[in-house]
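What follows is one structure encoded as structure tokens, with my remarks underneath.
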Amino acid sequence: MTEPDDAALFDSHLDRTASPETAAIARSLRATVLEEAPAAVEWFDGGNGLLAFGSRRVMRDLLFAIIPHRAHVNLQLADGADLPNRDGLIEGTGKRIRHVKIRSVEASRSAAVREIVRAQVSLRSGGGSDRPRGAGRPLAAARDHRPARRGRPT
């Protein structure tokens with residue numbers, strides 16, 4: 001039996017836990033992230049109910065996470081504190097991680113959100129000394145290194 005992939009697991013999670021409006025926002029935001037960061041590897045974290053994106057399936061290489069809430073969806077930015085915030089959409093006070101609250105499908109597809117996604121990817125893809133301290137691999141080096149699923153996950 002083939003196990004469902006992470007996107008299908010996230011989709012199923014949305015069907016079970018989110019309102020139709022919130023689920024539509026999350027799905028649209030996923031499409032936007034993948035359009036702007038096509039090399040990203042995605043994985044579903046069922047314990048936290050989020051879909052993560054990075055250069056590899058490890059938290060160190062996290063770029064984004066899509067986190068559904070009751071009335072909105074957060075786009076978590078791994079290096080949000082270091083990103084330009086021209087439109088004032090990036091929120092939070094974390095040392096490194098910040099987020100954007102997405103409240104509509106239209107907002108999830110907006111030029112401002114796309115610009116933020118591109119800025120996050122660009123920051124990591126730049127490599128060298130301007131990469132944030134503690135940042136993982138650049139997205140350009142992304143490869144899906146997940147092992148074949150057999151038996152019980154580790």
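From the list Arg124, Arg86, the one residue that fits, being of a type in the set (Lys, Arg) and within 17 Å of the chain's Cα centre (by Cα), is Arg124.
Every residue, every condition in (1) touching a strand residue (DSSP E or B) at 6+ places or on another chain (Cβ under 6 Å); (2) not hydrophobic (A, V, I, L, M, F, W, C), yes or no:
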residue	(1), (2)
Gly46	no, yes
Arg57	yes, yes
Leu62	yes, no
Ile67	yes, no
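Matching residues to (1) touching a Phe, Trp or Tyr at 6+ places or on another chain (Cβ under 8 Å); (2) farther than 14 Å from His99 by Cβ:
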{"position": "Thr17", "(1), (2)": "no, yes"}
{"position": "Ala31", "(1), (2)": "no, yes"}
{"position": "Glu42", "(1), (2)": "yes, yes"}
{"position": "Gly49", "(1), (2)": "no, yes"}
{"position": "Arg57", "(1), (2)": "yes, yes"}
{"position": "Phe64", "(1), (2)": "yes, no"}
{"position": "His72", "(1), (2)": "no, no"}
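Consider region 69-100. How many of its residues are in contact (Cβ under 8 Å) with a residue 40 or more places away in the chain, touching a strand residue (DSSP E or B) at 6+ places or on another chain (Cβ under 7 Å) and more than 14 Å from Gln120 (Cα to Cα)? Result for region 69-100: 2.
All conditions but one from (1) surrounded by fewer than 15 Cβ atoms within 10 Å (Cβ to Cβ); (2) without any contact (Cβ under 8 Å) to a residue 40 or more places away in the chain; (3) outside any helix (DSSP H, G or I); (4) among the small types (Gly, Ala, Ser) apply to Ser12; the one that does not is (3). The single condition among (1) at pLDDT below 95; (2) part of a strand (DSSP E or B); (3) of a type in the set (A, V, I, L, M, F, W, C) that Ala39 does not meet is (2). When you look at Arg103, is it touching a strand residue (DSSP E or B) at 6+ places or on another chain (Cβ under 9 Å), of a type in the set (Lys, Arg) and closer than 16 Å to Asp6 by Cα, yes or no? No; evaluated as a whole, the condition is false for this residue. Candidates Asp79, Asp6, Asp61: the one that is out of contact with any helix residue (DSSP H, G or I) (no Cβ under 6 Å at 6 or more places or on another chain) and surrounded by 19 or more Cβ atoms within 10 Å (Cβ to Cβ) is Asp61. In region 32-49, how many are without any contact (Cβ under 8 Å) to a residue 40 or more places away in the chain and either among the aliphatic types (A, V, I, L, M) or in contact with a Pro (Cβ under 8 Å, 6 or more places away or on another chain) (or both)? Qualifying residue count for the region: 2. Taken together, the criteria exclude Ala24 from residues that are assigned to a loop (DSSP other than H, G, I, E, B), in contact with a helix residue (DSSP H, G or I) (Cβ under 8 Å, 6 or more places away or on another chain) and surrounded by fewer than 17 Cβ atoms within 10 Å (Cβ to Cβ).
On the stretch given as region 42-58, residues that are of a type in the set (Gly, Ala, Ser), within 23 Å of Ser19 (Cα to Cα) and either touching a Gly at 6+ places or on another chain (Cβ under 8 Å) or not in a strand (DSSP E or B) (or both) total 3.
The values are calculated or read from the model by the stated rules, or taken from the named source; none is laboratory data. Just so it is clear, the structure is predicted and the values come from calculations on it, not from any experiment. Virtual Cβ from ideal backbone geometry, glycine too; neighbours counted across all protein chains shown.
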